[in-house]
Amino acid sequence: MKQLLFTVFCFAMLTSASAQSERYTGAMQKNFEAMASANTPADMLDVSNAFERIANAEKNQWLPFYYSSLSRVWYAFMLNDPKQYDQIADQCDSLIAKAEVMEKNNSEISLLKAMLATLRMVVDPMSRYMKYGMMSNQYVEESKQLDPTNPRPYMWQAQGISKTPEQFGGGCDKAKPIFEKALELFKTFKPKAPMYPNWGKDQTEKAYTECK
């Protein structure tokens with residue numbers, strides 16, 4: 001009888017875990033689709049909030065916190081209102097901190113920190129570059145070191161250089177080789193697991209083409 005009860009208990013636990021896993025995967029996939037089709041800042045903010053709800057429900061998954069922060073960064077740039085960037089960056093920092101409790105020394109999280117530093121810098125580039133510009137560069141290099149196969153830090157670095165005036169060391173001539181490095185890495189990059197970050201190729205191709 002004890003053996004039978006133990007077997008029933010194990011089956012129930014496995015069934016529950018499987019159902020929970022399916023719900024998690026389904027919710028994440030739905031949000032990936034919403035992220036891909038988000039055309040307005042409000043749409044992207046809805047995506048960020050939905051990922052945060054998944055994260056708070058799951059509690060042991062770092063990816064929903066990562067994607068909630070990532071989509072909130074994109075929301076900020078779509079919003080194009082620097083007066084709100086610091087507040088949005090603070091929200092993202094909180095989400096990243098929760099992700100890092102579960103996932104340390106991750107190239108994608110380091111890149112996200114670089115993106116947030118850039119977000120803070122553009123509030124007032126003249127007065128903030130020395131702090132946040134340098135911070136963004138440091139996180140980009142950290143992201144490269146943590147995963148040399150990751151194309152996204154090269155993509156972000158190239159975009160930054162392409163938008164920096166030539167007199168300050170930027171411009172497309174200096175950005176193009178880094179774009180090309182990113183595109184080369186995109187050809188062979190493979191996410192470490194399902195739902196791991198795999199974005200940026202189309203964005204890189206577009207930025208590279210437009211860089212003149």
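The values are calculated or read from the model by the stated rules, or taken from the named source; none is laboratory data. Quick caveat: nothing in here was measured; it's all calculated off a predicted structure. With ideal geometry, Cβ positions are generated from the backbone for all residues, glycine too; neighbour counts draw on all protein chains shown.
Residues in segment 38-67 that are of a type outside the set (A, V, I, L, M) and outside any helix (DSSP H, G or I): Asn39, Thr40, Lys59, Asn60, Gln61, Trp62. Just for segment 173-191: of the residues that are of a type in the set (A, V, I, L, M) and in contact with a Phe, Trp or Tyr (Cβ under 8 Å, 6 or more places away or on another chain), which one is surrounded by the most Cβ atoms within 10 Å (Cβ to Cβ)? For segment 173-191, the residue satisfying everything is Ala182.
Does segment 78-101 contain at least one residue that is polar (S, T, N, Q), in contact (Cβ under 8 Å) with a residue 24 or more places away in the chain and assigned to a helix (DSSP H, G or I)? Scanning segment 78-101, I find no residue that is polar (S, T, N, Q), in contact (Cβ under 8 Å) with a residue 24 or more places away in the chain and assigned to a helix (DSSP H, G or I), so the answer is no. Comparison of Lys163, Lys212, Lys113 shows that the only residue that is at pLDDT below 95 and touching a helix residue (DSSP H, G or I) at 6+ places or on another chain (Cβ under 7 Å) is Lys212. Selection of segment 116-133 for residues being β-branched (Val, Ile, Thr) and not in a helix (DSSP H, G or I) yields Val122, Val123.
One residue alone among Thr149, Thr204 is among the β-branched types (Val, Ile, Thr) and exposed (fewer than 15 other Cβ atoms within 10 Å of the Cβ), and that residue is Thr149.
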